[in-house]
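Presented below is the structure to which this report refers.
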Amino acid sequence: MGKWKRSQAYADYIGFILTLNEGVKGKKLSVEYVVSEAIEKLVTLLNTLDRWIDETPPVDQPSRFGNKAFRTWYAKLNEEAENLVATVIPTHLAAAVPEVAVYLKEAVGNSTRIDYGTGHEAAFAAFLCCLCKIGVLRVDDQIAIVFKVFSRYLEVMRKLQKTYRMEPAGSQGVWGLDDFQFLPFIWGSSQLIDHPFLEPRHFVDEKAVNENHKDYMFLECILFITEMKTGPFAEHSNQLWNISAVPSWSKVNQGLIRMYKAECLEKFPVIQHFKFGSLLPIHPVASS
């Protein structure tokens, strides 16, 4: 794990997460931002994955969880991933397609276990990070990467989780932040920094969530949890309940970044599947 934490890949990955965190600070999802051709192509790619879910209905099976139709859906992605990625990457950079496609295939869950967790989410962030490194995505795409591409990715993942009743991968159950995601809580809390009236205590208030979730990723996540889980919020989402007592969004944001490093990026079960290559190399950070 020390090798990973000292690697160029780790530095680039966390740098990417923090740059986007800064980029969306204080901004609503409905804010105006630049939408480049590359962003549009990524959304089209995600729309294709969404359409495949509609074309692959769950099968009848004895077990409630882990519907085997997910494997059929995944086989299609596995087969088509390079073609999909080639629609986003211009031909003069075509040599990067196989490597970038690996991250896309890793980003949607595990087809053997039919589960999904923060390691898969990290693969999607790594996929986007690679597209930045080769210049397909640029600095002025920052807001659109989170608000348009990552938001669409979340919608597709939630649909996968619901349709195929996917298990949480390596979940800490009630002690984890969320069964499936982590990044939208980081970026979503950054959106709420210095909000004129919404404070962390408000996200456990149903009315505040219902009125504001379309503008804030964090509240969108809370809404999804309350749709999927029953019983008192403090019981099924204890960590989030505790976070609602933190006085400011900037403190929530800083705390979540620390927690992400400790609970996701520095945990072997999460990172053991992380892929390294020429774009996200395992070699130590080059000293300048």
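A few remarks follow.
- Fluctuation leader among 92, 213, 120 - the chain, Gaussian network, Cα springs under 10 angstrom: 92
- Modelled spin labels at residue 112 and residue 1, positioned 7 Å past Cα toward Cβ, are 2.2 nm from each other.
- Cα centre as origin, Lys/Arg/Asp/Glu Cβ charges: region 1-272 dipole, Debye: 520 debye
- Plainly put, region 180-288 has a radius of gyration that is 1.06 times its Kirkwood radius, both from alpha-carbon atoms, as the Rg/Rh ratio.
- Pairs beyond 21 Å (Cα-Cα), from 27/105; 5/267; 148/214; 207/229: 27/105
- Taken over region 1-272, the alpha-carbon convex hull comes to 129 cubic angstrom per residue.
- GNM flexibility winner over the chain from 192, 42, 93 (Cα, springs under 10 Å): 93
- Each Cα pair under 8 Å and six or more residues apart adds its sequence gap; the mean of these over the residue count of region 1-272 is a relative contact order of 23 percent.
- With Cα atoms defining each centre, region 10-78 and region 80-136 are spaced 10 Å apart in the structure.
- Entry comment: accessible area of the chain is 47 Å² per residue, from protein heavy atoms only and a probe of 1.4 Å.
- GNM remark for the chain: springs join alpha carbons under 10 Å apart, and the peak mean-square fluctuation among 140, 60, 12 falls on 60.
- Summed over qualifying helices (DSSP H, 4 residues or more, each -39500 (n - 2.57)) and divided by its residue number, the chain shows a 222 nm mean residue ellipticity of -15500 deg cm²/dmol.
The values are calculated or read from the model by the stated rules, or taken from the named source; none is laboratory data. Bear in mind that the values here come from a model prediction, so they are computed numbers and not experimental data. Cβ: placed from backbone, ideal geometry, glycine included. Neighbour counts: every protein chain shown. Heads up: the accessible areas ignore ligands, DNA and RNA and are worked out on the full protein's heavy atoms, side chains in. Shrake-Rupley method; radii C 1.70, N 1.55, O 1.52, S 1.80 Å.
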